[in-house]
Amino acid sequence: MTSSSPPAPAVVVGAGWAGLTAALALARAGHPVHLIEAGKAPGGRARSLDLDGTPLDNGQHILVGACQQTLQQIRSVGINPEQAFQALPFGLRMFGPTGRPQAPAFLLEPRSPRLPALAAALYRALAKHSLGTRLRALSGAAAMLHRPLRDDLPVLDWLRQRRQPDALIRSLWDPLCLAVMNTPTRTASARIFQNVLRLALNHGPEAARLLVPARPLGELFPEPAVQELRERGARVDLGRRITAIERSTTHDAAPYRLRDRQGVASPARGVILATPPAAAAALLPHETGWEATHQGLNAMGARSICTVYLRYARRLDDLPPLQGLLDQHGQWLIARNVAGAPHWLAVVISAADDLEPLTADARWRTVARSLAQTFPKLGEPETGHSICERRATLDAQAGLDARRPPARTPWPGCYLAGDYLTPALPSTLEAAVQSGLESAHLYLEDHP
């Protein structure tokens with residue numbers, strides 16, 4: 001490299017929400033950036049796609065108002081969250097196969113103070129129980145929010161320690177844990193679940209709002225982020241898969257070279273690997289000094305999520321935007337009219353690894369039959385699609401935080417980013433964004 005050559009860029013591998021956040025932070029700080037993504041579209045596991053001419057998402061995502069860093073990133077690319085999301089009060093209304101509510105709904109009164117709102121919601125949800133059971137459950141729930149956990153344990157054990165009735169576990173805590181962690185209560189980390197509850201329920205009504213995207217996910221952040229990066233002079237390569245990272249100790253200005261499937265090399269001053277943990281492990285060396293990094297990456301188990309999209313002949317404007325499903329093929333029913341697709345429904349199947357394996361066609365037809373029994377007015381859909389992300393999230397088991405790898409790797413100037421790295425959070429967009437900001441901070445700290 002001659003003195004007149006432009007400086008080597010920071011190369012960010014992976015254009016999911018973590019990688020995009022890191023790339024934007026570096027570009028906004030004035031550093032040259034090269035973003036490389038194996039897929040044809042940015043967004044990672046939260047991207048948009050086209051189904052039968054309708055823009056939908058590869059998975060249905062719902063944020064809460066407590067996702068402050070995510071909302072700030074969305075604002076930073078010129079999108080107003082107040083217009084991009086439909087805000088709903090925090091609440092769960094669960095329906096069984098008969099179509100009747102399985103228990104009184106758990107609904108927070110938006111204008112009530114934090115603890116009284118939670119107490120009132122739980123008290124109503126336990127309407128069929130004795131006064132003693134109600135009071136014990138309220139006392140236990142208050143301790144869940146305000147008493148720190150000394151040791152991590154499965155959520156189910158924690159709930160029983162806090163005297164939560166089995167009926168409330170089934171109708172509230174089980175579906176809520178699956179929704180936020182994609183891990184069942186019998187194995188999920190109580191420490192992470194407690195942190196999520198605190199973030200959503202201990203910081204006022206704004207933090208507890210449910211935010212349903214009113215536009216395709218790609219329009220909310222990934223696509224405008226790529227546009228801004230290009231406007232700032234960053235190079236963005238979509239549809240290019242990196243297969244090897246080489247490091248030289250003799251080229252201080254560009255110590256890294258990243259090679260793709262065709263053998264084309266890209267120089268880098270530093271590298272941020274914003275890929276799933278298994279992909280990062282495959283790119284990093286197996287040498288002395290790397291044991292802790294690989295041990296952490298290999299400890300990151302994964303769980304799948306399936307989203308079934310169903311298209312009906314009639315508009316579905318009469319349906320609530322969000323309904324919970326108990327004992328059915330899926331846990332959440334989302335009317336896509338909020339996102340400008342009034343003929344479509346989305347059914348989210350969390351922890352889908354535990355289900356009977358089905359073809360995509362058989363899965364959406366099975367879900368459609370189940371919904372027709374629960375909500376006869378729906379009738380039969382015209383068509384459907386099933387999209388399964390096999391490694392959609394971490395398997396957020398008890399003890400996960402102690403197993404996460406560090407963001408810094410043994411190679412100076414090489415960092416990890418991704419939702420699996422953020423302590424005390426499950427695999428969420430907020431965890432991804434926070435990790436992207438952290439990796440960019442480390443890069444800027446080491447490359448002033």
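Read the figures in this text as sums done on the coordinates, not as results from a lab. For clarity, every value in this text was computed on a predicted model and none was experimentally measured. Cβ coordinates were reconstructed from backbone atoms using ideal geometry, including for glycine residues, and neighbour counts include every protein chain displayed.
Across all directions of projection, what mean area in square nanometres is found for the Cα convex hull of the range 103-208?
That works out to 6.0 nm², a quarter of the Cα hull's surface.
Each principal axis of the Cα cloud of the range 161-289 was evaluated for its coordinate range; sorted largest first, these ranges are 63, 41, 26 Å.
Candidates Pro321, Leu159, Gln73 compared by Cα position along the dipole of the chain: farthest toward the positive end lies Leu159, with charges placed on Cβ.
Pairwise Cα separations in the range 334-448 fall into 10 Å bins from 0 onward with the following percentages, short to long: 11, 29, 24, 20, 12, 4, 0.
Only four residue types carry charge here, +1 at the Cβ of Lys and Arg and -1 at the Cβ of Asp and Glu. Report the dipole size of the range 389-436 about the Cα centre in Debye, rounded to the nearest 20.
180
Using a simple charge model, +1 on the beta-carbon of Lys and Arg, -1 on the beta-carbon of Asp and Glu, nothing else, what dipole does the chain show about its Cα centre, in debye to the nearest 20?
In debye, rounded to 20, the chain gives about 980.
Working note: 222 nm ellipticity from helices only, DSSP H runs with n ≥ 4, each -39,500 (n - 2.57), summed and divided by the residues of the chain, gives -9500 deg cm²/dmol to the nearest 500.
Across the range 253-269, rounded Karplus estimates of 3J(HN,Hα) from the backbone phi angles (6.51 cos²θ - 1.76 cosθ + 1.60, θ = phi - 60°) give 6, 8, x, 10, 10, 10, 10, 9, 4, 8, x, 6, 9, 10, x, 8, 6 Hz, Gly and Pro being marked x. Considering only Val196, Ser386, Gly44, and ranking their Cα positions along the charge dipole of the chain that arises from unit charges at the beta-carbon of Lys, Arg, Asp and Glu, the one farthest toward the positive end is Val196.
Cysteine residues of the chain whose Cβ has no partner cysteine Cβ closer than 4.7 Å: Cys67, Cys177, Cys414.
List the residue ranges in the chain for DSSP H helices whose C-alpha atoms run 18 angstrom or more along the long axis and whose Kyte-Doolittle average is 0.0 or above. It would help to have the intermediate numbers written out before the result.
Details: long enough: 131-146 (23 Å, 0.61); 360-374 (21 Å, -0.56); 429-446 (26 Å, 0.04).
Answer set is 131-146, 429-446.
Using only side-chain charges placed at the Cβ, +1 for Lys and Arg and -1 for Asp and Glu, the dipole size of the range 103-208 relative to its Cα centre rounds to 300 debye. Remark: Arg315, Arg240 ranked as Arg315, Arg240, counting other beta-carbon atoms within 10 Å and listing the fewest first.
Cβ-Cβ distance of Ala282 and Asp327, R₀ of 51 Å, FRET efficiency by 1/(1 + (r/R0)^6): the value works out to about 0.80.
Roughly speaking, what is the centre-to-centre gap between the range 247-279 and the range 349-427 when only Cα atoms are used, to the nearest Å? Result: 30 Å between the Cα centres.
Projecting the Cα atoms of Ala84, Ser130, Ala292 onto the charge dipole of the chain, computed from C-beta unit charges around the Cα centre, puts Ser130 farthest toward the positive end. Using the alpha carbons alone, the radius of gyration of the chain stands to its Kirkwood radius in an Rg to Rh ratio of 0.99.
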